[in-house]
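The values are calculated or read from the model by the stated rules, or taken from the named source; none is laboratory data. Quick caveat: nothing in here was measured; it's all calculated off a predicted structure. Positions of Cβ are backbone-derived with ideal geometry, glycine not excepted, and every protein chain shown enters the neighbour counts.
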Amino acid sequence: MDHISDFGRGDRKVSGGIVVGVDGSEAGLTAADWAAREGALRDLPVRLVHVMPAWAYSMPEDAPRGEVGVYMRDCGRSVLKDAAAHLERQGLDGPGVTTELVGGDPRPTLLDQAEGADVLVVGSHGAGGFGSLLLGSTALSLAGHAACPVVVVRETQPRVHNEIVVGVDGSPHSLNALRLAYEEASIRGARLRAVHAWTRFVAGAPPDIMPLMYTEPDAEGEEQRILSESRAGFAEEYPEVELVEHVVQAHPVDALVEASAAADLVIMGSRGRGGFERMLLGSVTHGVLHHARCPVVVVRGPGD
């Protein structure tokens, strides 16, 4: 990773692989670490991308105040070199890891860079994020807009629990999440915990947490049926994966956040059952992104 490539205004697309945004923050370094480990597990190339302002990226050296552009480009390359050195210290600097400096606005540029990628990885907070915020605006926006799965990684190094958690509610989005969860559990040799949480009907509740209206015993049976039907077929495709079914009467955010405390990864759809189609992220996904204690993967539904 000695050479740092410059690719202008973020117009370079990738074909497969993992794209990770780095910005000099601790969360960005932890995201790079997670991405490199995932790349090694899946035998995928990993591209570390730092986005800097387009005006500074393209400023000629001989322009008035051209030294400002030179300085900012040097700073951007330093961010990438520091990220590469971090991976080298972790023994994760394989030949499939590359670095690129691009110019543009971070959100649309990272979306453009991730077009065609297998996954986009970002830290929960950027270098300029407010410490009081649970999740940075860039991470939240990317989770809602990227076509590929988005992994949001927190600043602290995740502990290994050998368990993957997936939220299941029978929606097309959660079925895509369940497939990815089986894949992750299989390649990691981890247990898979499928969480299906339901609540009593509450007037005015967000539509993606409103259950079907039954008496309580009927509701419990219906919710178990939803989970059982959702996983149908996956057990035959992934016989090596140990599945734990967890059906609980609780708010889905509470149930998934609690499960995240003993998980390596939480995987969920971008919207749940009954969510408004115009919503980029459902309220449950939004809540889990803010409060989960491990990395979270957001998976889009078919046609999104």
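If I ask for residues that are at pLDDT 95 or above and on the phi < 0 side of the Ramachandran plot, which ones from the range 188-202 would you list?
Those that are at pLDDT 95 or above and on the phi < 0 side of the Ramachandran plot: Arg188, Ala190, Arg191, Leu192, Arg193.
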Original post:
Counting only residues that are out of contact with any Leu (no Cβ under 7 Å at 6 or more places or on another chain) and among the acidic types (Asp, Glu), which one in the range 24-46 is farthest from Gly189 (Cα to Cα)?
Top reply: Glu26
Subject >> Selection count where residues are in a helix (DSSP H, G or I), in contact with a His (Cβ under 9 Å, 6 or more places away or on another chain) and charged (D, E, K, R), scope the range 17-38 >> reply: 2
**OP:** Test Ser174 against the criterion of being at pLDDT below 90 and of a type in the set (Gly, Ala, Ser), and give yes or no.
**Re:** yes
Original post:
Has the range 90-101 got any residue that is in a helix (DSSP H, G or I) and either under 21 Å from the mean Cα position of the chain (by Cα) or closer than 29 Å to Met59 by Cα (or both)?
Top reply: no
Original post:
Any residue in the range 255-262 that is at pLDDT below 90 and within 30 Å of Val122 (Cα to Cα)?
Top reply: no
Original post:
How many residues are over 14 Å from Gly21 (Cα atoms), crowded, with 19+ Cβ neighbours inside 10 Å and among the acidic types (Asp, Glu) when one looks only at the range 72-116?
Top reply: 0
Original post:
Which of the residues spanning the range 147-179 are under 12 Å from the mean Cα position of the chain (by Cα) and either under 15 Å from Arg37 (Cβ atoms) or surrounded by fewer than 24 Cβ atoms within 10 Å (Cβ to Cβ) (or both)?
Top reply: Ala147, Cys148, Pro149, Val151, Val153, Arg154
Subject >> Qualifying position, being crowded, with 18+ Cβ neighbours inside 10 Å, at pLDDT 90 or above and farther than 29 Å from Ala235 by Cα, among Gly129, Gly123, Gly144 >> reply: Gly123
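For (1) in contact with an Asp or Glu (Cβ under 6 Å, 6 or more places away or on another chain); (2) in contact (Cβ under 8 Å) with a residue 40 or more places away in the chain; (3) not aromatic (Phe, Trp, Tyr), each residue gets a yes or a no:
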| residue | (1), (2), (3) |
| --- | --- |
| Trp34 | no, yes, no |
| Val49 | yes, yes, yes |
| Pro53 | no, yes, yes |
| Gly76 | no, no, yes |
| Val102 | no, yes, yes |
